[in-house]
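The structure appears right after this line, and notes come after that.
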Amino acid sequence: VIGRLLGTSELTAYYTVEFVLSLSTMFVDGGYSSLYTLCSHAVGAEKYRLAGQYVQLATFFYQLVLIPFAVFWWYWLDDFVLWLGFEEDVVGLAFDYAQISFLHTFVSVYDSGLHYLLEVTGHEVYGTIIGLIHSAASFA
């Protein structure tokens, strides 16, 4: 399917942007993943407000860290892709995809925080439905 819908340049741009994005968010993703444990402890102690505050703080700091990386890559992604030795058409495709990918990351952080809270408060079915909607929207 991928070979018929996407060419070599498109796949190269996709993987380059995903590499840059995952490299940029590697450390903050680890901290954000700890929400599952933090929220579980807060909910177990019946401190629901604290669980919500954990999600709010983690989302705020995630966005705070991601904004400088997004600005940096906005100006330097073209040079980085050229430095990797790719062609000009890959540079344009990578920049176009990077705009969408960073925007998706900004929005999906809220989805992840909501999903963590739904999981630990016993609303797995609702969390699964939200996850399915998120996955469907990711493909669109």
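The values are calculated or read from the model by the stated rules, or taken from the named source; none is laboratory data. Just so you know, these numbers come straight off a predicted model, no measurement behind them. Every residue, glycine as well, gets a Cβ built from its backbone with ideal geometry; the counts of neighbours run over all protein chains shown. When the accessible area is computed, the model is the full protein with side chains, heavy atoms only, and any ligands, DNA or RNA have been set aside. Shrake-Rupley method; radii C 1.70, N 1.55, O 1.52, S 1.80 Å.
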Need one number: nm distance between label points at His41 and Gln56, each 7 Å from Cα along Cα→Cβ, rounded to one decimal. 2.0 nm
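For the chain, what does -39500 (n - 2.57) per DSSP helix run (n ≥ 4), summed and divided by total residues, give at 222 nm, in deg cm²/dmol to the nearest 500? It would help to have the intermediate numbers written out before the result.
On the way: 6 runs with 125 residues, N = 140.
Result for the chain, helices only: -31000 deg cm²/dmol.
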At Ser138 and Phe95, where each label point lies 7 Å from the Cα along Cα→Cβ, what is the point-to-point distance in nanometres? 2.8 nm
Solvent-accessible area per residue, Å², over the chain with all protein chains present [probe radius 1.4 Å]: 66 Å²
Whole-Hz couplings from phi, Karplus 6.51/-1.76/1.60, listed for segment 81-92; x for Gly and Pro: 5, 5, 4, 6, x, 8, 7, 4, 5, 5, 4, x
In whole Å, how far is the Cα centre of segment 43-63 from that of segment 78-101? 37 Å
Under a Gaussian network model of the chain whose springs join Cα atoms within less than 10 Å, the largest fluctuation of Val43, Val81, Val125 belongs to Val125
For Ile100, what accessible area in Å² do you get when you roll a 1.4 Å probe over the heavy atoms of the protein chains, rounding to the nearest 10? 110 Å²
Near the amide H of Leu6, under 5 Å away, which other amide H atoms are found, from residues 5 or more places off or on another chain, if H is placed in the peptide plane? none
Can you compute the equivalent ellipsoid semi-axes for the chain, i.e. the square root of 5 times each eigenvalue of the Cα gyration tensor, sorted largest first and rounded to whole Å? 34, 18, 10
Taking the 0 to 90 degree range and rounding to the nearest ten, how far is the long axis of helix 35-44 tilted relative to the main principal axis of the chain, both from C-alpha atoms? 10 degrees
Pop a pseudo-label 7 angstrom from the Cα along the beta-carbon direction at both Leu11 and Glu88 and give the gap in nm to one decimal. 2.5 nm
Quick check: at a probe of 1.4 Å, how many percent of the accessible area of the chain sits on carbon and sulfur atoms? 69 percent
How tilted is helix 8-33 with respect to the longest principal axis of the chain? Cα atoms for both, answer in degrees (0 to 90, nearest 10). 30 degrees
